[in-house]
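The values are calculated or read from the model by the stated rules, or taken from the named source; none is laboratory data. Quantities reported herein were computed from a predicted structural model and do not represent experimental measurements. Note that we place each Cβ from the backbone using ideal geometry, even for glycine, and neighbour counts take in every protein chain shown.
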Amino acid sequence: MQYRTLGQSGITTSVIGFGLWTVSTDWWESGPDAGIRLLQDAFARGITFFDTADTYGNGRGEEMLAQALGDHRDEITIGTKFGYDIINSAAKRDGHSELPHDWSPQYVRAACEASLRRLNTDRIDYYQLHNPRMDAITDDALWATLDDLRREGKIRAVGVALGPALKPDRQIEEGIQAIVRHGAHPHIICNLLEPVLGDAIFPVAREHGVGCVIRVPHSSGLLEGHYTAETTFPPNDHRNHRPRSWLIEGVQKVEQLRFLERPDRTLGQAALQWLLLEPAVTSILPNIYNAEQLAEFAAAPDCPPLTADEIARVRELLAGNFGMKPIEA
């Protein structure tokens, strides 16, 4: 495993992290016992960055992390998220629909204290606004509250987890403003098939000395190289929110990236290595929901690196959109 520092925060993370989304929500076929074992196995493989959110299972993700790795608190870096009103809202989340946000100082402080209790810790290393809009980025009272929490030692660094998916133009502006105004560390979707957020945000992150966390580095599994145009997903699978054009076009692009596969490096590992070429990237959160994926992705930083010829060929494909016109959804 390799390690990097989150911008100028002094916080060290493994370059491959573990996002608890896959083990603490009902969008995956993974029970709590299996999730605990995966988290402990990840730590044994050198993964030290674990990212969750208060809304993952309404606190289940935070509780699972404390149960799995509470004895190793000083050896791990914890990220969690806040902003969705899981305390007062009576709304029931349906699939990928959003709960209401509450960015008031009272709610933010209450949410932070609740996360600290569930995590069984006295500090959160990387505290992220969860899918904020511009009203939160420009809310002086919210950021003053975060400054207070930082001075009190309850949080160490602030980030913005940008989303929901499929809104890149809005997320670019939110991410840039969060960096420029507040020095926040962005958490974004970026991968070989969906590079737009990284292309826009990485240069600003480098200029301002902040670190980026990457999620969905395999485009929801496409870049693991196992899908075909005939692939279908179970009814509750999160990938069903993607348009079918995502699958059809993605499979065609992946075939053009097969040259990155080698006997000693999988396509999924190459996709992670591509992101690690960017110095602003601090840690990557591949979707991990079984032991085989964990072993493959944790080993990615130590696989044979991409060659200069491979990098040049990928850049050529990206510049020409793989020679394809977008497919209508």
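Taking the residues in segment 147-191 that are of a type in the set (K, R) and surrounded by 18 or more Cβ atoms within 10 Å (Cβ to Cβ) as candidates, determine which candidate is farthest from I11 (Cα to Cα). Steps first, please.
Step one: of segment 147-191, the residues of a type in the set (K, R) are 150-151, 154, 156, 167, 170, 181.
After this cut, where a residue has to be surrounded by 18 or more Cβ atoms within 10 Å (Cβ to Cβ) as well, the list is 154, 156.
Working: K154: 14, R156: 8 Å.
Checked segment 147-191; the qualifying residue farthest from I11 (Cα to Cα) is K154.
What number of residues within segment 158-183 satisfy the criterion of being under 21 Å from R109 (Cβ atoms), within 16 Å of the chain's Cα centre (by Cα) and touching a residue at least 40 places away in the same chain (Cβ under 8 Å)?
2
Does segment 303-329 hold any residues that are assigned to a helix (DSSP H, G or I) and of a type in the set (V, I, T), and which are they?
If the condition is that a residue be assigned to a helix (DSSP H, G or I) and of a type in the set (V, I, T), then I311, V314 are the ones that fit.
Checking the structure you have, find out if any residue of segment 75-85 is crowded, with 24+ Cβ neighbours inside 10 Å and farther than 18 Å from G159 by Cα.
No - not one qualifying residue is present in segment 75-85.
Starting from residues that are at pLDDT 95 or above, hydrophobic (A, V, I, L, M, F, W, C) and not in a strand (DSSP E or B), keep the ones in segment 279-302 and report whichever is nearest to P186 (Cα to Cα).
Among those residues, the one meeting the criterion is A280.
For segment 159-267, give me every one of the helices (runs of 4 or more DSSP H) that falls completely inside it and has 3 or more residues that are at pLDDT 95 or above, out of contact with any His (no Cβ under 6 Å at 6 or more places or on another chain) and on the phi < 0 side of the Ramachandran plot.
Where helices (runs of 4 or more DSSP H) fall fully within segment 159-267 and carry at least 3 residues being at pLDDT 95 or above, out of contact with any His (no Cβ under 6 Å at 6 or more places or on another chain) and on the phi < 0 side of the Ramachandran plot, they are 168-182, 196-208.
Of the residues that sit in segment 29-57 and are of a type in the set (S, T, N, Q) and at pLDDT below 95, which one is surrounded by the fewest Cβ atoms within 10 Å (Cβ to Cβ)?
Filtering segment 29-57 down to residues of a type in the set (S, T, N, Q) leaves 30, 40, 48, 52, 55.
Subset that is at pLDDT below 95: 30, 55.
Working: S30: 17, T55: 25.
In this case the residue turns out to be S30.
Within segment 186-195, can one find any residue that is out of contact with any Cys (no Cβ under 7 Å at 6 or more places or on another chain) and within 23 Å of D135 (Cβ to Cβ)?
Kept after step one, since they are out of contact with any Cys (no Cβ under 7 Å at 6 or more places or on another chain), are these residues of segment 186-195: 187, 189-195.
This time we only want the ones that are within 23 Å of D135 (Cβ to Cβ), so: 187, 189.
Yes, because at least one residue in segment 186-195 is out of contact with any Cys (no Cβ under 7 Å at 6 or more places or on another chain) and within 23 Å of D135 (Cβ to Cβ).
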